[in-house]
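Chemist: The structure's right below; bear with me while I get my questions together.
Please treat every number below as a calculation from the coordinates, not as lab data. Since this is a predicted model, take the numbers as computed values, not measurements. All Cβ positions, even for glycine, are placed from backbone atoms using ideal geometry, and neighbour counts span all protein chains on display.
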């Protein structure tokens, strides 16, 4: 049996919700899905954009300095 | 002195450039900033020491994420890492200014995200956050592609529930309101 997961189709073009009785709910669900996609990227990027903590920066400085000394 | 395992400076520079992304993955796994930074430091030292085992031309980010993930779960098994502060530290890092709707929404999202099981969080952040392919994420997590897709699906469904709780009071009544045994009354 082939299972179709949401994730497989998330990059496919989406049609606007059909104007049915359930239209509002379909539109809201699509909006939530998009918010999840956007917020996952933002959550990840927020940390990537942060300044590194001093302890980690110190380690990287040591590694780079060692590199220069060896070359 | 930290032993250097490769003579290619481009590879070493690439590793260093990926440290911010390692932090983002570490934080999503541990949900604790202090633990995440320790985890990244340990990962960088391990990776630096065995850079000669990295295959040039392959995805270094996925390689580093694999080392970090293995370190995280290995330490967790040993009871080395402290318990994550689910409601506090993770979301609190984000802006606390109440004047920006997007930021507020992101904090709410971070709190909901932190409540997900480990396997769902890592699938979501690897694919939805860092942009790894299903195959790369599956390789990083040591599981099948179908498993990753399933975790991703369940994680997104749970997030949707948490962020958009169903309000029963707005639903049309389709049956008389009767107390039954299932109500526990």
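Chemist: Find the helices (runs of 4 or more DSSP H) located wholly in the range B:1-74 whose residues include 1 or more that are loosely packed, with under 14 Cβ neighbours inside 10 Å, and list them.
Modeler: B:9-17, B:33-49
Chemist: Let me ask another. Filter the range A:26-51 down to residues that are farther than 17 Å from residue B:28 by Cβ and outside any helix (DSSP H, G or I), then give me how many there are.
Modeler: Counting residues in the range A:26-51 that are farther than 17 Å from residue B:28 by Cβ and outside any helix (DSSP H, G or I) gives 1.
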